[in-house]
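Undergrad: Just passing along the structure, written as structure tokens.
The values are calculated or read from the model by the stated rules, or taken from the named source; none is laboratory data. Note that the coordinates shown come from a computational prediction; the quantities given were computed from them, not determined experimentally. Please note: Cβ atoms are built from the backbone with ideal geometry, for glycine as well, and neighbour counts cover all protein chains shown.
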């Protein structure tokens, strides 16, 4: 059983963290460089779409971390205190994610406007010989889907996330110094305001960035689908971080089985939630059988995308669901780590499933999943992920390993089911 003394003795990470941060930065730059190389091998649209996968994938994980911190404060939770600090370090990546999104924005302004999003070019031809500018469905959405609004909304969304992350981190780190309860109260107020802000901005961002790639499509559940992946990704990365710190010796005497079981329960809950949302979206569209909605799934039943859809049904739901039912699997480090890696891999496939079929050939068919663009997608995820890992490792030594003066630290260290 852990003791409160463990919190006091929680030390800063070893100097090897700086070395790990450098390695993460080099890996990120290598991934970015490899993706840029794709511009000389593939067309710019394909590479840009792959880059969009990388940015939205890691933004989802950062948003999940931000939401977990906000939810921790709004519920005044005790069990997650020692885990919260790692998420606070993780959300330091938002400002870098904003920088990494900039190439897509800049390209949309100075290159052909439809380098990523087809509706940005009003002269672009669509089916039936019409252009985007004369498309009734676009005209109904033109106030929202235009380059100026897209840019403003994107900047506002990142601004909200960066601001909330900075406030939460500042208050939490300040409490390590003076132990004042006022910092906890301030973060609780921030959480009350921040949760609806993140919910709205998250939904707005994913509709603009991904759903609008096929702007004819209608879905009322898209933001909630992204939210489910945000939470699952953040929880899975949190598992990998906490087990890494435990194996290093930093979390010895702090992290216990009950913490891991609680994380596993949340992972199971959001696995079911993702399945519920995804099935509901599919069932409602299939049942209504409206062409403006069904075409999205018809495209994803073409070629090898049908197999990717089946892989999501079993890999994104059935496999982790059955695994996370087991108490032993949730508390055994090497097993829960494998489950977390599995979930992160399938979230990547899910992001590809939602983004890459928007790359069409001359006949309007989606490009195959297993093609050259998959290479640029992987390098994009590695590149953006390396920068996010660098941001986390750069923040990690800046404060105590755990919130040693949080009012609920003793309850957390003695957490039981």
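Undergrad: Here are the criteria: (1) touching a strand residue (DSSP E or B) at 6+ places or on another chain (Cβ under 7 Å); (2) modelled with pLDDT of 95 or more. Tell me which single one residue 359 does not satisfy.
TA: It fails just one condition, (2).
Undergrad: Taking into account only those residues within the range 308-332 that are within 21 Å of residue 367 (Cβ to Cβ) and in contact (Cβ under 8 Å) with a residue 12 or more places away in the chain, which is nearest to the chain's Cα centre (by Cα)?
TA: The initial filter retains those residues of the range 308-332 that are within 21 Å of residue 367 (Cβ to Cβ), namely 308-312.
The next check asks that each one be in contact (Cβ under 8 Å) with a residue 12 or more places away in the chain; those that pass are 308-309, 311-312.
Values: 308: 20, 309: 20, 311: 20, 312: 17 Å.
Result: 312.
Undergrad: Now for a separate question. Tally the residues that are outside any loop (DSSP other than H, G, I, E, B), under 18 Å from the mean Cα position of the chain (by Cα) and in contact (Cβ under 8 Å) with a residue 40 or more places away in the chain, restricting the search to the range 192-210.
TA: 10
This table checks each residue for (1) under 23 Å from the mean Cα position of the chain (by Cα); (2) free of Cβ contacts under 8 Å to residues at least 60 places away in the same chain.
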| site | (1), (2) |
| --- | --- |
| 252 | no, yes |
| 258 | no, no |
| 261 | yes, no |
| 272 | yes, yes |
| 278 | yes, yes |
| 283 | no, yes |
| 295 | no, no |
| 303 | no, no |
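Undergrad: If you don't mind, there's one more thing I want to ask. Scan (1) at pLDDT below 95; (2) farther than 30 Å from residue 32 by Cβ for the single condition residue 118 breaks and write down its number.
TA: If we test residue 118 against (1) at pLDDT below 95; (2) farther than 30 Å from residue 32 by Cβ, just (2) comes out false.
Undergrad: Going by the structure shown, is residue 392 closer than 29 Å to residue 78 by Cβ and either surrounded by 16 or more Cβ atoms within 10 Å (Cβ to Cβ) or modelled with pLDDT under 95 (or both)?
TA: Here the answer is yes, as residue 392 does meet what is asked.
Undergrad: So for the range 168-175 (the condition being free of Cβ contacts under 8 Å to residues at least 40 places away in the same chain and surrounded by fewer than 17 Cβ atoms within 10 Å (Cβ to Cβ)), does at least one residue qualify?
TA: Quick first cut of the range 168-175, residues free of Cβ contacts under 8 Å to residues at least 40 places away in the same chain only: 170-171, 174.
Subsequent filtering for residues that are surrounded by fewer than 17 Cβ atoms within 10 Å (Cβ to Cβ) retains 170, 174.
Yes: one or more hits.
Undergrad: Would you call residue 404 under 30 Å from residue 312 (Cα atoms) and either in a loop (DSSP other than H, G, I, E, B) or in contact (Cβ under 8 Å) with a residue 24 or more places away in the chain (or both)?
TA: So residue 404 fails the test.
One line per residue, one yes/no per condition, for (1) surrounded by 16 or more Cβ atoms within 10 Å (Cβ to Cβ); (2) within 27 Å of residue 407 (Cβ to Cβ); (3) in contact with a helix residue (DSSP H, G or I) (Cβ under 8 Å, 6 or more places away or on another chain):
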position	(1), (2), (3)
179	no, yes, no
184	yes, yes, yes
195	yes, yes, yes
231	yes, yes, yes
256	yes, yes, no
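Undergrad: Based on this model, can you work out whether residue 153 counts as surrounded by fewer than 18 Cβ atoms within 10 Å (Cβ to Cβ) and under 30 Å from residue 122 (Cα atoms)?
TA: On the way: surrounded by fewer than 18 Cβ atoms within 10 Å (Cβ to Cβ): yes; under 30 Å from residue 122 (Cα atoms): yes.
The answer is yes for residue 153.
Undergrad: Of all residues being touching a residue at least 60 places away in the same chain (Cβ under 8 Å) and assigned to a helix (DSSP H, G or I) in the range 115-148, which is surrounded by the most Cβ atoms within 10 Å (Cβ to Cβ)? Just the residue, please.
TA: Residue satisfying both the conditions and the ranking: 119.
Residues are listed down the side, and each one gets a yes or a no for (1) closer than 23 Å to residue 263 by Cα; (2) within 14 Å of the chain's Cα centre (by Cα); (3) in contact (Cβ under 8 Å) with a residue 60 or more places away in the chain; (4) part of a helix (DSSP H, G or I):
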site: 23; (1), (2), (3), (4): no, no, no, yes
site: 42; (1), (2), (3), (4): no, no, yes, no
site: 78; (1), (2), (3), (4): yes, no, yes, no
site: 82; (1), (2), (3), (4): yes, no, yes, yes
site: 89; (1), (2), (3), (4): yes, no, yes, yes
